[in-house]
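Quick notes on the structure that follows.
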There are 2 protein chains.
Amino acid sequence: MTHPVGGPAFEDLTARARIRDAALRLFAERGIEGATIRDIAKEAGVSSGLVRHHFGSKHALRDACDAYMLERLMRIKEDAVLKGGMADPGMLLNLHPTVLLGYRYFARAMVDGSPGAASTFDDMVRLTQEWLAANDKDHVTADPQGYAAVLVAMQSGLLVMHDHVSRALGADILGPEGNLRLIGAIVDFYSHALLSPELAAQAHAALDQLRAQQPPTAAEPGSAGEGAGDDRGDSR
Amino acid sequence: MTHPVGGPAFEDLTARARIRDAALRLFAERGIEGATIRDIAKEAGVSSGLVRHHFGSKHALRDACDAYMLERLMRIKEDAVLKGGMADPGMLLNLHPTVLLGYRYFARAMVDGSPGAASTFDDMVRLTQEWLAANDKDHVTADPQGYAAVLVAMQSGLLVMHDHVSRALGADILGPEGNLRLIGAIVDFYSHALLSPELAAQAHAALDQLRAQQPPTAAEPGSAGEGAGDDRGDSR
DNA sequence: CGAAGGGCTATACGGTTATGTAATCGACTG
DNA sequence: CAGTCGATTACATAACCGTATAGCCCTTCG
């Protein structure tokens, strides 16, 4: 049993809240398949039957976690999202345990089939489109929806990859030192274009050509003589 | 049992290859916890004992999948990575089933504790740093490692979020129509800076100040009077 | 021919899982 | 006081899991 998610002391929480918090932690760490009801119950200091009593089923527990964490994060994030869209690098600079757990939880939930994570993604794409509509004076894109989806996916994806990034930087990006460094790198990344306008124009022209043709053929590169030895004669 | 990953017909593959291919598909779709040996065996048209015979254990099977798919993708991608680093948007434009499955597989593996995926990430960060060293004439960053980690994480993270992006765009981004559209959006994204130099300078100044101070305090925003009602009096 | 080895199946084993259920306890109300 | 309700535990159930194993069949080689 570990420390609570900010707020009241562990002993002061209802069993229901302790279960939910334990679930948030373990779902974030192991995903919904890897986290078991028994482990969640143990971490909450209750029996597994009580998990069932309060939440009914594992998926319902996950849905309750989605809803709870969404509501908490929305309260914190609402202003930032409405004001800056997803482009605001400062929005990551919040190291409160609840927020950090929320990041971890939703990062994992994004790939675990969570309905709450999916709807969060869709909401953020929509909000980013709205932000673009209000702010895109330079006409950076002819496809605001696609652009918004890419922006949201990359920003979310960065969090999903947090373990790897932390390893690469040698510090937890969801901790003080690593987070400052991460934000510095994000600022550099967002403040420079990676492609010149000329290359971009060429790429768009090529894409337009491809659209006018058949879709790219599915020939496997280097497929001549490849694979047969690997897939047929492979012996143990 | 579905079609093979390009190459020979299903019946022409050894059982070992069929098992490996089935594992790649199911691991990509469900993760290592969600995909069972029995389902993999069934999809490969063999008994579960044969999976054990050929691969020993589930984790060894996953390691074999890592190694196989890495080798296959490296062969395809080696030139592209060495030439353009991770900045080349055209590198996604490859719709061969093996490559697409590799994207799906590694996207999932990135969050499933796969050693192969982790080392792939680290390799790509290193390669991107080398590319920066050779190409960064504009001095876009004082922290090449951080920048490279962010760039790789965002690009990889975009793939990890492929289900969500596909839903937002209304087409599979790992299919012909969605992929073209995705690349168009990526081109737009990479060809424009999202932050002005002024804002970036301000952000860096603020980050330097924060580094000189204590790390950000962990006060919860809006914590006054919050949480007690939720966590104590919550009744079912 | 027999022996060896590889491919393969069917089944067993021990453990774990989510879900279901009966019983107990304490607090509250009429 | 008895009854009700909510919180909680302990245990049961059916299904599933990864791993282990014995045995059969076929091919190759000496």
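Annotations for the structure displayed:
- When each of the peptides B:52-59, B:171-178 is scored by the mean number of other C-beta atoms lying within 10 Å of its residues, the order from highest to lowest reads B:171-178, B:52-59.
- Averaged over the residues of peptide A:49-62, the number of Cβ atoms from other protein chains lying within 10 Å of each residue's Cβ is 0.
- Part-to-part distance (alpha-carbon centres) for the stretch A:18-58 and the stretch B:121-200, which is given in Å: 36 Å
- 13 Å beta-carbon shell around A:HIS204, net charge (K/R +1, D/E -1): -2
- Cleavage-rule hits, trypsin sites (Lys or Arg not before Pro), the stretch A:120-175, DSSP coil, Cβ neighbours within 10 Å at most 10: A:LYS137
- Available extension along the chain between A:SER196 and A:ALA133 is 20.3 nm, counting 0.36 nm per residue and deducting the alpha carbon span.
- Shown for B:LEU210: label points 7 Å from Cα along the beta-carbon vector, and their distances to the equivalent points in the other copies, 3.7 nm in ascending order.
- Other copies of B:GLU198: label-to-label distances in nm, shortest first, labels 7 Å along the beta-carbon direction: 3.0
- Legend: mean number of C-beta atoms from other chains within 10 angstrom of residue C-beta atoms, peptide B:15-26, equals 1.
- Förster radius 22 Å - calculated FRET efficiency between A:ASP63 and A:ASP122 (Cβ-Cβ, nearest 0.05): 0.85
- Shielding value for A:165-172 is 5, the average number of Cβ atoms from other chains within 10 Å of each residue's Cβ.
- Overall form of the stretch B:106-191 per C-alpha gyration tensor (a/c, 1.5; a/b vs b/c): oblate
- Position A:SER119: other-copy label points at 4.3 nm, ordered by increasing distance, label point 7 Å along Cα→C-beta.
- Rounded to the nearest Hz, the phi-derived 3J(HN,Hα) couplings of the stretch A:107-112 under the Karplus curve 6.51 cos²θ - 1.76 cosθ + 1.60 (θ = phi - 60°) are 4, 5, 4, 4, 10, 10, where x marks glycine and proline.
- Exposure proxy shown here: for A:TYR103, B:TYR105, the number of other Cβ atoms within 10 Å sets the order, fewest to most, as A:TYR103, B:TYR105.
- Residue closest to axis [chain A; rotation mapping onto B; Cβ; Å]: A:GLY157, 1
Taken together, the values in this text are just the output of simple stated rules run on the coordinates, not laboratory data. Computed from a predicted structure; not experimentally measured. Every residue, glycine as well, gets a Cβ built from its backbone with ideal geometry; the counts of neighbours run over all protein chains shown.
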